[in-house]
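Asker: Have a look at this one.
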Amino acid sequence: MKAINRNLLLIAIFMMTVLGLFINKLTTPRTLSNDELLVNGLFLFNEPKQISDFEFFSSKQKAFTKNDLIGKWTLMYFGFTKCPDECPTTMYQLSKLIKVLRDKDYKLDDKQWVLVSIDPERDTPDMIDKYAKGFDKDFIGVSNARPMLLSLATQLSVNNVMPNHSNQMDHSHLDNHVNNIILLDPNGDFAGIFRPPFDISRLSLTYQSVTN
């Protein structure tokens, strides 16, 4: 009788272990190869690229520098508050990504989402931060003078066309900005680029594969 009970206990433990491994496989994001990532819209560098220090400002003139990248996976998007379509569409997709991750209880304490204004002449730090948080409370919106913007944008392969200073009311240059989402790793290095069009299923798949 004792032998039977022991065997039943061993069988139960085995079944629980198998079930646990099966559930873990279902809930753990699959690690994709670089080719699979590329097919799904994420170009990942073989070696992340270092960037120089920078300083931007969020609401209440709170500074945001390279030090704020350390220890966190950062998604950084370059846009502006008066953008008619591409920016709000992309920001909405990012807000959907955050919601999907929250619903999955995905670890988010080492993740952050930053919107950098490409229209610093009109977007104050308070304005861009308020705009960003309109999509999700955890977004951070930042702005600074154009020389600082161009320095960071150039390093992150964001083609930001200089404005036409002969006409201060002409902001058509902003329509030419590249609609990529930048991935920065916890070392504060430039790790890769999410390329449009952005689909929440692909964005969620690639993001979790890289940051899990």
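Asker: What helices (runs of 4 or more DSSP H) lie completely within region 105-212 and have 2 or more residues being among the basic types (K, R) and modelled with pLDDT of 95 or more?
Answerer: Of the helices (runs of 4 or more DSSP H) lying wholly inside region 105-212, those with at least 2 residues that are among the basic types (K, R) and modelled with pLDDT of 95 or more span 125-133.
Asker: Pairs under 6 Å by beta carbon, first residue in contact (Cβ under 8 Å) with a residue 40 or more places away in the chain in region 64-83, partner among the hydroxyl-bearing types (S, T, Y) and in a loop (DSSP other than H, G, I, E, B), six or more apart or different chains?
Answerer: Pairs found: F64/S58.
Asker: Continuing with this model, one more query. Looking at (1) surrounded by fewer than 16 Cβ atoms within 10 Å (Cβ to Cβ); (2) closer than 14 Å to A191 by Cβ, find the lone condition where D103 falls short.
Answerer: Only one criterion in (1) surrounded by fewer than 16 Cβ atoms within 10 Å (Cβ to Cβ); (2) closer than 14 Å to A191 by Cβ is unmet by D103, namely (2).
Asker: Take the residues in region 59-89 that are closer than 20 Å to Q155 by Cβ and hydroxyl-bearing (S, T, Y); name whichever of them is surrounded by the fewest Cβ atoms within 10 Å (Cβ to Cβ).
Answerer: Checking each candidate, the answer is T65.
Asker: What tally of residues in region 108-134 results from selecting those that are of a type in the set (D, E) and closer than 16 Å to R146 by Cα?
Answerer: Within region 108-134, residues that are of a type in the set (D, E) and closer than 16 Å to R146 by Cα number 3.
Asker: For D53, are the conditions met, namely being free of Cβ contacts under 8 Å to residues at least 24 places away in the same chain and over 24 Å from T206 (Cα atoms)?
Answerer: yes
Asker: Tally time: how many residues in region 186-200 are among the acidic types (D, E) and under 11 Å from L75 (Cβ atoms)?
Answerer: Qualifying residue count for the region: 0.
Asker: Follow-up question, since we're still on this one. Scan region 44-52 and give yes if some residue there is in the same structural domain as K104 (by TED's automatic domain parsing), modelled with pLDDT under 95, surrounded by 10 or more Cβ atoms within 10 Å (Cβ to Cβ) and touching a helix residue (DSSP H, G or I) at 6+ places or on another chain (Cβ under 6 Å), otherwise no.
Answerer: So far as region 44-52 goes, yes, one or more of its residues are in the same structural domain as K104 (by TED's automatic domain parsing), modelled with pLDDT under 95, surrounded by 10 or more Cβ atoms within 10 Å (Cβ to Cβ) and touching a helix residue (DSSP H, G or I) at 6+ places or on another chain (Cβ under 6 Å).
Asker: Oh, and also: So is G71 at pLDDT 85 or above and touching a His at 6+ places or on another chain (Cβ under 8 Å) or not?
Answerer: no
Asker: Of the conditions (1) modelled with pLDDT of 85 or more; (2) in a helix (DSSP H, G or I), V18 satisfies every one except a single condition; which number is it?
Answerer: (1)
The values are calculated or read from the model by the stated rules, or taken from the named source; none is laboratory data. Source: prediction; values computed, not measured. Because the Cβ atoms are built from the backbone with ideal geometry, glycine has one as well, and the counts that use them run over all protein chains shown.
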